[in-house]
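The values are calculated or read from the model by the stated rules, or taken from the named source; none is laboratory data. All figures in this text were calculated on a predicted structure; none of them were measured in a lab. Note: ideal-geometry Cβ built from the backbone for every residue, glycine included; neighbour counts use all protein chains shown.
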Amino acid sequence: MFKKILIANRGEIALRIIWACRELGIQTVAVYSTADADSLHVKFADEDICIGPPRNADSYLNIGAVIAAAEITDADAIHPGYGFLAESAHFAEVCEACHIRFIGPGPNVIRLMGDKAKARETMLAAGVPIIPGSRGTMADEQEALPLAAKIGYPVIVKAAAGGGGRGMRLVGSPDELAAAMSAARTEAKAAFGVPDVYVEKYLKSPRHIEFQILGDSFGNIVTLGERECSIQRRHQKIVEEAPSTVLTPKLRRRMAESALKVARTVGYQNAGTVEFLLDEEGRFYFIEMNTRIQVEHPVTEMVTGIDLIKEQIKIAAGESLSFRQEDIQTTGHSIECRINAEDPVTFAPSPGKITTFHLPGGPGVRIDTAAHPECTISPYYDSMIGKLITRGNNRMEAISRMRRSLEVLVVEGIRTNIPLHRRIMDDPDFIRGNLNTGFLDRLLERKEDAAVAS
Amino acid sequence: MGGGELDSEIKALMEYIEASSFVEFELEREGFKIKLVKRPIVTNGVAPVVSPAAQVAAAAAVTQAAEAPAPRPAAVEAPDVHVVKSPIVGTFYRSSSPTARSFVEIGDRVKKGQVLCIIEAMKLMNEIESDCDGEILEALVANGQPVEYGEPLFKVRKGAPA
């Protein structure tokens, strides 16, 4: 087992990893930018190293600085968390070259899954259902027009290196295709450094359902079941839950088998997530595999009782999985609300100093956060200030625990999306489990209607 | 605050910190700054800091304390004293090789752009240059010690080269 792990991240996930290391008896090293000198991950780690100024490129994305920090502290492994360097194949390679264990899959798997077009092709060849669309990337509209006609409009143009909704364009008719492709290429080039795009059929109101995977270095691969992540705004998830209300045991089994096939095809090691879209007719399509721990991993932990971060560390240290597929039982229901420092109506980021901070507690409530009273939410980084997670014996109990938790969760000094979460938890469609990726837009439109009417 | 009163207040503060579980204490007020660092006492494993590695960490983090025994209030610097800070994370070396002479000694006059030390990061030797003309007053880090981004390396009294 590792003696010392450097955490190449900040905020709640850095703390989450520190807690896992504590429980495993592993020393921790925090790295931080000058903007985060007073952060909790710096205070609670055994050692801390300032690696640069606030700008991401100069600190948390600065591979040289992170590696140098690992070298001077003698860390034997690096946990990248999510975001920042978590899906950088190059970083994983540098770690390998420096004899520091990267806690995640190998660089080749990260690279393959990071190229969304290539991942699609690979999975198509493996017999995993994918959304009808181009094989590989498309250079221009001349190439894309016949394909779009064949699969039918609307189609969506996506960046091959994509993620987070950037480099994406919805195309409703053939005359829009040329402009959409050049816009997506420009955006993809700016955001990811590569202009490559591909085209696929646009599913109007699918559900976003993903399966958690764990694989060890002995070829054992299991799935810990699904998470329903359909409540999104501009491709950013806001509420997640496990299990999904829509999966029948039969459909769950089929999707799980496909998820396992994706992972087996690439010989997946460590924690990863296979994402699917599920349409109204119950057809599902592979969209991508995220080769990292995800923000929403706690809902899976709450229903399986398995600590995913500890499993990541044990797998990276060369241990075999301590459970088999048939040992994994999911019980109860869990919901996560991402608490963001943003205006609940306009979604404008709201950095600043938190003056009052009160957290809920009691049965079935978990909070993953690095915020505290008097802390400053920095404008340099992500607006997520914490995650409120509840568990119940059934979905309704998880919802009622979330409702009462949101009532007493007090964050003053900055604006947060807590009021939005309260609305979601009271929404009849949400309560019925009637969800798809259009849910939040519809909810927000209704609020505007209400405002106009009054 | 009068001198005697300040001394007794600092003494009381030191006693309080000594008795507490704090390892480090910093207070900044207008025109006044104090930093107290408690160094772990290693005696047969009975130490105020719980884990052995944390002691190593604390020892590594307070390299400055080796030259300036804690606790002591940070001296108020004269306006012509400039602190050269580390631009990167790495290991600090005063010379280009173990047998070579130090790039600079205390009292040396240096020019802007002159190499003061090397910081090794990822097996690369990065020469760190002075960002002003002046005289080396103090080297703040011992040879071979790890340094973080922004860590003070040298104190230089600014002035045109003689």
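Quick grid of which residues meet (1) more than 9 Å from chain B (Cβ to nearest Cβ); (2) in contact (Cβ under 8 Å) with a residue 60 or more places away in the chain; (3) over 22 Å from residue A:3 (Cα atoms):
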residue: A:29; (1), (2), (3): no, no, no
residue: A:33; (1), (2), (3): no, yes, yes
residue: A:40; (1), (2), (3): yes, yes, no
residue: A:46; (1), (2), (3): no, no, no
residue: A:50; (1), (2), (3): no, no, no
residue: A:55; (1), (2), (3): yes, yes, yes
residue: A:59; (1), (2), (3): no, no, yes
residue: A:68; (1), (2), (3): no, no, no
residue: A:73; (1), (2), (3): no, yes, no
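Looking at the stretch B:136-157, can you tell me whether even one residue there is over 19 Å from the mean Cα position of the chain (by Cα) and either among the β-branched types (Val, Ile, Thr) or not in a loop (DSSP other than H, G, I, E, B) (or both)? Give the steps one after another, and end with the answer.
So in the stretch B:136-157, the residues over 19 Å from the mean Cα position of the chain (by Cα) come out as none.
Looking for residues that are over 19 Å from the mean Cα position of the chain (by Cα) and either among the β-branched types (Val, Ile, Thr) or not in a loop (DSSP other than H, G, I, E, B) (or both), one finds none in the stretch B:136-157, hence no.
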**Prompt:** Out of all the residues in the stretch B:125-138, which are within 14 Å of chain A (Cβ to nearest Cβ) and within 23 Å of residue B:77 (Cα to Cα)?
**Reply:** B:128
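Name the residue that is surrounded by the most Cβ atoms within 10 Å (Cβ to Cβ), counting only residues in the stretch B:94-124 that are under 20 Å from residue B:156 (Cα atoms) and within 14 Å of chain A (Cβ to nearest Cβ). Let's see the steps before the verdict.
Initial filter on the stretch B:94-124 (under 20 Å from residue B:156 (Cα atoms)): B:94-95, B:101-119.
Narrowing further to those that are within 14 Å of chain A (Cβ to nearest Cβ): B:118-119.
On the way: B:118: 19, B:119: 24.
Top of the filtered list is B:119.
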**Asked** Based on what the data block shows, is residue A:61 outside the structural domain of residue A:162 (by TED's automatic domain parsing) and under 22 Å from the mean Cα position of the chain (by Cα)?
**Response** yes
**Item:** Of the criteria (1) touching a residue at least 40 places away in the same chain (Cβ under 8 Å); (2) surrounded by fewer than 20 Cβ atoms within 10 Å (Cβ to Cβ), which one residue A:349 fails
**Value:** (1)
**Asked** Hey, among the residues in the stretch A:296-345 that are basic (Lys, Arg) and in contact with a strand residue (DSSP E or B) (Cβ under 9 Å, 6 or more places away or on another chain), which one's surrounded by the most Cβ atoms within 10 Å (Cβ to Cβ)?
**Response** A:338
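Between A:334, A:350, which is in the same structural domain as residue A:229 (by TED's automatic domain parsing) and either within 21 Å of residue A:245 (Cβ to Cβ) or among the hydrophobic types (A, V, I, L, M, F, W, C) (or both)? Spell out how you get there, then give the answer.
Numbers: A:350 fails: either within 21 Å of residue A:245 (Cβ to Cβ) or among the hydrophobic types (A, V, I, L, M, F, W, C) (or both).
Only one candidate passes the filter, namely A:334.
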**Request:** Go through the stretch A:378-398 and give me each residue that's buried (at least 20 other Cβ atoms within 10 Å of the Cβ) and modelled with pLDDT of 95 or more.
**Result:** A:384, A:385, A:386, A:387, A:388, A:389, A:390, A:391, A:398
**Asked** Hey, any hits in the stretch A:177-194 for a residue that's without any contact (Cβ under 8 Å) to a residue 40 or more places away in the chain, touching a helix residue (DSSP H, G or I) at 6+ places or on another chain (Cβ under 8 Å), over 22 Å from residue A:437 (Cβ atoms) and assigned to a helix (DSSP H, G or I)?
**Response** yes
**Asked** Filtering the stretch A:1-38 down to residues that are small (Gly, Ala, Ser) and in a helix (DSSP H, G or I), which residue is modelled with the lowest pLDDT?
**Response** A:35
**Asked** If you go through the stretch B:139-162, how many residues are among the aromatic types (Phe, Trp, Tyr) and more than 11 Å from chain A (Cβ to nearest Cβ)?
**Response** 1
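Which residues, counting only those in the stretch A:10-19, are more than 14 Å from chain B (Cβ to nearest Cβ) and crowded, with 21+ Cβ neighbours inside 10 Å? I'd like the intermediate steps shown before the answer.
Going through the stretch A:10-19, the residues more than 14 Å from chain B (Cβ to nearest Cβ) turn out to be A:10-17, A:19.
Across the stretch A:10-19, the qualifying residues are A:10, A:11, A:12, A:13, A:14, A:15, A:16, A:17.
Yes or no, residue by residue, for (1) out of contact with any Lys or Arg (no Cβ under 7 Å at 6 or more places or on another chain); (2) in a helix (DSSP H, G or I); (3) at pLDDT below 95:
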residue: A:48; (1), (2), (3): yes, no, no
residue: A:54; (1), (2), (3): yes, no, yes
residue: A:60; (1), (2), (3): no, no, no
residue: A:65; (1), (2), (3): yes, yes, no
residue: A:90; (1), (2), (3): yes, yes, no
residue: A:110; (1), (2), (3): yes, yes, no
residue: A:117; (1), (2), (3): yes, yes, yes
residue: A:123; (1), (2), (3): yes, yes, no
**Prompt:** Just a yes or no: is a residue in the stretch A:257-264 free of Cβ contacts under 8 Å to residues at least 24 places away in the same chain, surrounded by fewer than 19 Cβ atoms within 10 Å (Cβ to Cβ) and in a helix (DSSP H, G or I)?
**Reply:** yes
**Hits in the stretch A:352-371 - residues which are crowded, with 16+ Cβ neighbours inside 10 Å, β-branched (Val, Ile, Thr) and more than 30 Å from residue A:442 (Cα to Cα)** = A:354
**Prompt:** Name the residues in the stretch A:333-350 that are within 22 Å of the chain's Cα centre (by Cα), in a loop (DSSP other than H, G, I, E, B) and either closer than 23 Å to residue A:398 by Cα or not aliphatic (A, V, I, L, M) (or both), would you?
**Reply:** A:343, A:344, A:347, A:350
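If we scan the stretch A:224-247, do we find a residue that is over 18 Å from the mean Cα position of the chain (by Cα), among the hydroxyl-bearing types (Ser, Thr, Tyr) and at pLDDT 95 or above?
Initial filter on the stretch A:224-247 (over 18 Å from the mean Cα position of the chain (by Cα)): A:245-247.
Next, only the ones that are among the hydroxyl-bearing types (Ser, Thr, Tyr) stay: A:245.
Filter once more, keeping what is at pLDDT 95 or above: A:245.
For the stretch A:224-247, residues over 18 Å from the mean Cα position of the chain (by Cα), among the hydroxyl-bearing types (Ser, Thr, Tyr) and at pLDDT 95 or above: present.
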**Complete:** Going through the stretch A:284-322 in order, the residues found to be modelled with pLDDT under 95 and part of a loop (DSSP other than H, G, I, E, B) are A:322
**Prompt:** Only one of (1) within 25 Å of the chain's Cα centre (by Cα); (2) within 12 Å of chain B (Cβ to nearest Cβ); (3) farther than 25 Å from residue A:374 by Cβ fails for residue A:77. Which number is that?
**Reply:** (2)
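Counting residues that are in contact with a strand residue (DSSP E or B) (Cβ under 6 Å, 6 or more places away or on another chain), which helices (runs of 4 or more DSSP H) fully inside the stretch A:374-448 reach at least 3?
Details: elements: A:395-408, A:418-426, A:428-432.
The qualifying helices (runs of 4 or more DSSP H) are A:395-408.
Within the stretch A:92-107, how many residues turn out to be in a loop (DSSP other than H, G, I, E, B), within 14 Å of chain B (Cβ to nearest Cβ) and in contact (Cβ under 8 Å) with a residue 12 or more places away in the chain?
If we filter the stretch A:92-107 for residues that are in a loop (DSSP other than H, G, I, E, B), which is where we start, we get A:98-100, A:103-106.
In the following step, the residues that additionally are within 14 Å of chain B (Cβ to nearest Cβ) were identified as A:98-100.
Keeping just the survivors that are in contact (Cβ under 8 Å) with a residue 12 or more places away in the chain gives A:98, A:100.
Total satisfying the criteria: 2.
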**Prompt:** Does the stretch A:286-295 contain any residue that is closer than 16 Å to residue A:11 by Cα, out of contact with any Asp or Glu (no Cβ under 6 Å at 6 or more places or on another chain), surrounded by 23 or more Cβ atoms within 10 Å (Cβ to Cβ) and of a type in the set (A, V, I, L, M)?
**Reply:** yes
